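S.K.: One structure, as structure tokens, below. Some questions next.
The values are calculated or read from the model by the stated rules, or taken from the named source; none is laboratory data. Predicted, not measured: the structure shown is a model, and the values here were computed from it. Neighbour counts are summed over all protein chains in view; Cβ atoms, including those assigned to glycine, are modelled from backbone coordinates with ideal geometry.
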Amino acid sequence: MTNNEPKREIALLWDKDTPFMQHLADKGFDCELITPNLLFAPFFSFTGYKLVIVPAGFGNEQYSGILKGLRASSVPIKDFVKAGGVLLLSGALSNKDAYNWLPVKIEYVMEKRRVRIEVVKDNKAAGIVEKEECMCDGYFEEAGTEGEVILGIKDGKDEKTKAILVVSEYGAGEIIATTIHEYPSERFIKRCLGRE
């Protein structure tokens, strides 16, 4: 990228090319792939980005090696959110402690299956998918004191709601964590970029 080129609004943190980039392009969004090598570069900054996305599978070495980069870059990521950015991260696809680099507490349980979504709290983030059923790769057992459960699923005989989308305010920004294993809707992305 040259100094004359405008910085893109969306950063996708992954270690190789991914179909997620094409999904965003198909919806009209300009996105930049940020690999671990770029994250570690002395000149790299999240300045100018409005949305940072960490796709599903980030905690599973079969899919990606990005977790080490996320842990090593936890301070700049935290500063990005604190300054008003939106961090969207999907399911880790690993029961290991893949969320321990975040400035908020999140505990994830991997459990892949098709689910029926329940809106727990009215929030614009509830529009991440525009259908009642979707694939999920798990649920959040804990979302810390900052986290609000926005979407959930009913599970078991006791009909206890399990969180599948949590929004945590952090500084001037927010962290949106979801286990929904589908691409986010165009409207949701626009909302994250402040266009709605």
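S.K.: Hey, Val119 hits all of (1) under 25 Å from Arg195 (Cβ atoms); (2) in contact with an Asp or Glu (Cβ under 8 Å, 6 or more places away or on another chain); (3) surrounded by fewer than 21 Cβ atoms within 10 Å (Cβ to Cβ); (4) β-branched (Val, Ile, Thr) but one; which does it fall short on?
M.R.: (2)
S.K.: Return yes when Gly156 is over 23 Å from Ser74 (Cα atoms) and either modelled with pLDDT of 95 or more or more than 17 Å from the chain's Cα centre (by Cα) (or both) and no when it is not.
M.R.: yes
S.K.: When you go through Arg195, Arg114 one by one, which is the residue that is among the basic types (Lys, Arg) and touching a strand residue (DSSP E or B) at 6+ places or on another chain (Cβ under 7 Å)? Talk me through it step by step, then tell me what you get.
M.R.: On the way: Arg195 fails: touching a strand residue (DSSP E or B) at 6+ places or on another chain (Cβ under 7 Å).
From the options Arg195, Arg114, the qualifying one is Arg114.
S.K.: If Arg195 meets every condition in (1) under 18 Å from Tyr108 (Cβ atoms); (2) assigned to a loop (DSSP other than H, G, I, E, B); (3) over 13 Å from the mean Cα position of the chain (by Cα) apart from one, which number is that one?
M.R.: Against the list (1) under 18 Å from Tyr108 (Cβ atoms); (2) assigned to a loop (DSSP other than H, G, I, E, B); (3) over 13 Å from the mean Cα position of the chain (by Cα), Arg195 comes up short only on (1).
S.K.: Scan the stretch 47-67 for residues that are under 14 Å from Tyr99 (Cβ atoms) and either over 12 Å from the mean Cα position of the chain (by Cα) or surrounded by fewer than 20 Cβ atoms within 10 Å (Cβ to Cβ) (or both) and jot them down.
M.R.: Within the stretch 47-67, the first condition is being under 14 Å from Tyr99 (Cβ atoms), and the residues that meet it are 54, 56-60, 66-67.
Across the stretch 47-67, the qualifying residues are Gly59, Asn60, Ile66, Leu67.
S.K.: Mind listing whichever residues of the stretch 146-191 are over 13 Å from Ala126 (Cβ atoms), in a helix (DSSP H, G or I) and touching a Leu at 6+ places or on another chain (Cβ under 9 Å)? Talk me through it step by step, then tell me what you get.
M.R.: First, pick out the residues of the stretch 146-191 that are over 13 Å from Ala126 (Cβ atoms): 146-147, 153-162, 168-175, 177, 179, 181-183, 186, 189-190.
From what is left, the residues that are in a helix (DSSP H, G or I) are 186, 189-190.
Selection gives Ile189 alone.
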